[in-house]
1. Treating the angle as unsigned and between 0 and 90°, give the value, to the nearest 10°, between the Cα long axis of helix 2-12 and the longest Cα principal axis of the chain.
2. Calculate, for the range 226-312, the solvent-accessible area per residue in square angstrom, rolling a 1.4 angstrom probe over the heavy atoms of the protein chains.
3. Give the dimensionless ratio obtained when the Cα radius of gyration of the range 66-204 is divided by 2.2 N^0.38 Å.
4. Per DSSP helix of 4 or more residues, -39500 (n - 2.57); summed, then divided by the residues of the chain. What does that give at 222 nm, rounded to the nearest 500?
5. Can you tell me, using C-alpha contacts under 8 Å and at least 6 residues apart, the relative contact order of the range 1-102 as a whole percent?
6. Expressed as a whole percentage, what fraction of the accessible surface of the chain belongs to carbon and sulfur atoms when a 1.4 Å probe is rolled over the protein heavy atoms?
7. Can you tell me the 0 to 90 degree angle between the C-alpha axis of helix 150-168 and the longest principal axis of the chain, rounded to 10?
8. Any idea of the accessible area per residue across the range 54-210, 1.4 Å probe, to the nearest Å²?
Amino acid sequence: MVKQEVLAALDAARGRYISGQELAAQLGVSRTAVWKAVAALRRDGIPIKAVTNRGYTLAQSVDVLNAAAVAAQLDEATVKALQIEVVDRLPGTNAALRSRADAGAREGLVLIAQAQSAGRGRGGHSFYSPPGGLYMSILLRPEIGARQAVGLTAMAAVAAARAAERLCGVPITIKWVNDLWKNGKKVCGILTEAALDLESGMLDYAVLGLGFNVAAPADGWPEDLRDVAGALYDGSPVPGARAALAAAFLNAFWPLYRAGPRSGYLDEYRRRQALTGQRVLVTPRRGTPRAAQVQGIDDECKLVVRFDGESRPAALNSGEVSVRLL
């Protein structure tokens, strides 16, 4: 916690030096605690400069992420509804937030990490989460059944696409069901996980997780991702980009979530689809992959396709198949 408080204080004093004694007094901790926090932040890759008799400073060009920077950019109704926490690194924000949800955490808790050591995507696949990206999860307690949970993913995809476009200025499309594409490459993945009340058949809670590739890793993408992964920025992001992206997503998502189907999110979800009209290979969990033509998205967010050799369309459930372009 002291690390984030020191980082937030240095960010607020951006461009000027602030002494260790001043930081300690401001935060109500010892100078030793400040020194340890600065050392830990440097190990995380944040270039804090120190000058004897002057103190510490962050250059104007350094991109940092803290809860205050996100909250400052939220709309009034959104900031009142949410509680934002930022940490340096976690195995995964979804797993951490599920534990908090099981312990009774309220709706609107947002957990943001600057890196993940064991990020996960759909089907239990690993999600590459190096420093410099934006990895966030939000706890929701909607009064819906399990079948309606896919709508949360669609809402999040629409909100994330709006936020990403605002950040990078380039059109963003959605690859059914949960990926965002920029110029045909994945720049964001979404994973919704839920706990079900077996007696009522309603959700106890849902944890909605997003991972954004803000910029390409300094040492390049791993070999298995080079052909599929992209980033919102072609070069280095502007200072504050991740805080702005997090706020833009939350400002877009929260009104959609509160309005539900009345928000019209499904129309925009359909308009942004990257697969509509395309030929794809559909791979079921069990069975043989088959080629098909994508026709669109139905009212339950299922992918409507016509398989080669068949006259009638089929509606595919996201939990049962994976789809890739041919």
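The values are calculated or read from the model by the stated rules, or taken from the named source; none is laboratory data. What you see is a predicted model, and the numbers here were worked out from it, not measured in a lab. Quick note on the areas: whole protein, heavy atoms, side chains included, nothing else; ligands and nucleic acids left out. Shrake-Rupley method; radii C 1.70, N 1.55, O 1.52, S 1.80 Å.
1. 80 degrees
2. I get 52 Å² per residue for this part.
3. Details: Rg = 15.2 Å, N = 139, 2.2 N^0.38 = 14.3 Å.
Compactness ratio reported: 1.06.
4. After summing the helix terms and dividing by residue count, I get -9000 deg cm²/dmol.
5. Worked out over the range 1-102, it gives 29 percent.
6. 49 percent
7. Helix 150-168 and the main axis of the chain meet at about 50 degrees.
8. Numbers: 6560 Å² over 157 residues.
Per-residue value: 42 Å².
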